[in-house]
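Contents: one structure, followed by commentary.
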Amino acid sequence: MVKAVWLRAFFFLFLLCSVTGPVWIFVGRQQAWETFCSGLLLYLLYHLWYLAKLMRWLRGPLDARVPRGFGVWEMAFAGLHRRVRIRLEQQNALARALERFRLAGEALPDGVIVFNRHRQIDGLNAQAASHFNLNPATDRGQPVTNLIRQPEFVAYLEAGLYTEPLLLQNDLQRGQTLQIQVIPYGDDQNLLISRDISQLERLENMRRDFVANVSHELKTPLTVVSGFVEMLVDDFDAYPREDALHYLGLVREQSGRMQRLIDDLLTLSALETSRLTPVDDRVDVPALLQVIFQETQALSGGRHQLEFHCDGPTALLGCASELRSAFGNLASNAVRYTPDGGKVVLCWSGTAEGGAAFSVADTGIGILAQHIPRLTERFYRVDRSRSRETGGTGLGLAIVKHVLTRHQGRLEVESEPGKGSRFSANFPPSRITA
Ligand code: ADP
C-alpha cells in the first residue's frame with residue numbers, strides 16, 4: 001500500500017511535468033511555473049480535504065461509517081474500513097461467547113456468585129439470587145457480606161479456610177439447607193457456589209430415623225426373648241412346668257413379632273428395589289379377595305360381623321403377590337382396630353371413572369383427621385400400644401402405598417373417631433382387564 005502511495009505521487013508529478021513542459025516550450029517560463037504551482041496547490045487541497053474528513057470521522061461516534069475517498073484516500077479509507085469490520089466481528093464474537101457463558105451460568109442448578117478480594121460482587125446467577133434474595137441488576141458491586149449477613153457465613157469468609165464447605169441453615173428460606181463452597185481463582189477473584197441440599201438432608205434424616213426405628217422395634221421383643229431364655233437356661237428346674245410354658249409362650253409371641261417385622265421390612269425393601277412397574281400379570285381379583293376374606297374370618301375368630309361384596313371387574317393387570325399383600329394389610333387392619341362385635345365390610349367394585357376399587361369399611365376406633373396424612377409413613381402409628389397388642393409392625397400402610405403407587409393406584413381414607421374408617425384402594429381404567 002505504501003508503494004502504491006509513492007507510485008501515485010510520482011505519477012501525479014509526472015502528469016504535472018508533462019503538462020507544464022509543453023506550456024514552458026510553447027507559452028513561456030512564467031506560465032509554466034504558474035501551472036506547476038497551481039497543480040501542487042490543488043494536490044495539497046485534495047489531501048487537506050480528505051484529512052479533514054478523516055479527523056471528523058475520528059472525532060465521531062464509534063459506530064460511524066468510514067468515509068469514502070478518492071485516489072490514495074480511497075485506499076486508506078478501505079484499509080480503515082476493513083480494520084473496523086474485523087474489530088466489530090471480534091467484538092460480536094466475544095459478546096456472543098460471553099452471552100453463552102452467562103446462559104450456561106443461568107442454567108446451572110447451583111447458585112454462583114463471583115466476588116473480588118474486597119468481597120464486592122462482580123456477578124451472580126439467578127439461582128444465587130433466589131438462594132440469598134439478591135437482585136442481579138442492583139447488587140453488583142456491593143460487598144457480599146453486606147447482603148448475606150448470617151454470622152456463620154461472615155465468619156466463614158473471614159476465616160478464609162475454604163477447604164471444607166459451609167453448611168448453612170438459610171434464614172431467608174425456612175427449612176432450606178445450603179452447602180456453600182468458595183473457590184479462589186485468578187487474580188484475587190473468588191467463586192462462591194451455593195447448593196440447595198435440603199432434599200438430601202431430609203433423605204439422610206429419614207434414613208437415620210428408619211435405622212433408629214427398626215433398632216427400637218427389634219430391641220423390645222429381643223430383650224423379652226433373651227430375658228426369659230436366660231432365666232430358664234440358668235435354672236430351668238426352679239420353675240413349675242406351667243410357668244415355664246407361659247414364659248415360652250411369651251418368647252414365641254415376641255419371636256413372631258420380630259418375624260412379622262422382618263417379613264414386612266423385606267416386603268418393603270423388595271418393593272423399593274424391584275423394577276419401576278410391576279409385572280403386568282392378569283390377576284383374578286375376586287378369587288384373590290375370596291382367599292383374603294377367609295383369612296380375615298380366621299383373624300377375627302368370630303369376634304366380628306364380616307361381609308364381602310364383589311361386583312367389580314374380573315381381573316386387574318399387576319402383580320398378584322403385591323396386591324395380596326396390600327389388600328391383606330387393609331383387611332387385617334380393619335379387624336385389628338375394630339372392637340369385638342363390630343362390623344367389617346370388604347367390597348370390590350367398579351368406579352365412576354371406569355376403574356375399580358377395593359374398599360374396607362369398619363365400625364372400629366376411627367382415626368383423628370390430623371393423623372390421616374401421615375398414616376402411610378413407615379412406623380407411624382396413632383396408638384402405639386394398640387398396634388403392638390394386635391401384632392402391628394407399623395409398616396402395613398407403607399406397603400399398601402408402595403404397591404398402589406406401582407399400580408398407578410391411590411389410597412383414600414375416610415374416618416371418624418369412635419365411628420369407624422373406610423380405606424379404599426383405587427385403580428385407574430388402564431389397569432382393568434377382562
Ligand atoms: P400397624 O401395623 O401399626 O397397624 P399400619 O401401617 O398398618 O401399621 O397402620 C398405621 C396406623 O394406622 C396404625 O397404627 C393405626 O393407628 C392406624 N390404622 C390403620 N388402619 C386402621 C383402621 N382400620 N382403623 C383405625 N386405625 C387404623
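Observations on the model:
- Where labels lie 7 Å past Cα in the beta-carbon direction, separation of Ala9 and Gln31 in nm: 3.1 nm
- Checking every one of the trypsin sites (Lys or Arg not before Pro) in region 1-94 against DSSP loop status and a limit of 16 other Cβ atoms within 10 Å picks out Arg65, Arg68.
- Evaluated over the chain, the count of Lys pairs having alpha-carbon atoms less than 28 Å apart is 5 (only pairs 8 or more residues apart or interchain).
- Between the beta carbons of Glu230 and Glu389, assuming R0 = 35 Å, the FRET efficiency works out to 0.90 to the nearest 0.05.
- The chain - mean residue ellipticity at 222 nm from DSSP helices (-39,500 (n - 2.57) per run, n ≥ 4, rounded to 500): -18500 deg cm²/dmol
- Think of the chain as a dipole: +1 on every Lys or Arg Cβ, -1 on every Asp or Glu Cβ, centred on the Cα centre; then among Gly249, Leu411, Ile148, Ile148 lies furthest on the positive end.
- Relative to the compact-globule estimate of 2.2 N^0.38 Å, the Cα radius of gyration of region 73-130 comes out at 1.81.
- Restricting region 112-196 to trypsin sites (Lys or Arg not before Pro) that sit in a DSSP loop and have at most 11 other Cβ atoms within 10 Å of their own Cβ leaves Arg117, Arg149, Arg174.
- Across all Cα atoms of the chain, the radius of gyration (one decimal) and Dmax (whole number) stand at 44.4, 160 Å.
- Other residues lying with their Cβ under 13 Å from the Cβ of Arg85 contribute a combined charge of +2, Lys and Arg counting +1, Asp and Glu -1.
- Karplus-based coupling profile of region 299-304, in residue order and whole Hz: 5, 6, x, x, 7, 10, with θ = phi - 60° in 6.51 cos²θ - 1.76 cosθ + 1.60 and x standing for Gly or Pro.
- Size of region 109-196 from its Cα atoms: along the principal axes, largest to smallest, the extents are 36, 30, 23 Å.
- Taking the Cα atoms of region 234-350, the ratio Rg/Rh between the radius of gyration and the Kirkwood radius comes to 1.12.
- Net charge in the neighbourhood of Asp187 (other residues with Cβ under 13 Å of its Cβ; Lys, Arg +1, Asp, Glu -1) is -1.
- Mean Cβ neighbour count within 10 Å, used as a protection proxy, ranking 178-190, 229-241, 339-351, 387-399 highest first: 387-399, 339-351, 178-190, 229-241
- Region 46-108 shape via C-alpha gyration tensor axes, a/c threshold 1.5: prolate
- Cα gyration tensor shape for region 175-318, rounded if a/c is under 1.5, else prolate or oblate: oblate
- For region 345-434, the square roots of the Cα gyration tensor eigenvalues, ordered a ≥ b ≥ c, give a/c of at least 1.5 with a/b greater than b/c, which places it in the prolate category.
- Excluding ligands, DNA and RNA, the accessible surface per residue across region 132-234 is 64 Å² with a 1.4 Å probe.
The values are calculated or read from the model by the stated rules, or taken from the named source; none is laboratory data. Predicted model, so just to flag it, every value in this text is computed and none were measured. Using ideal geometry, Cβ is built from the backbone for each residue, glycine included, and neighbour counts are taken over all protein chains shown. We work out accessible area using only protein heavy atoms, side chains counted, and drop any ligands, DNA or RNA first. Shrake-Rupley method; radii C 1.70, N 1.55, O 1.52, S 1.80 Å.
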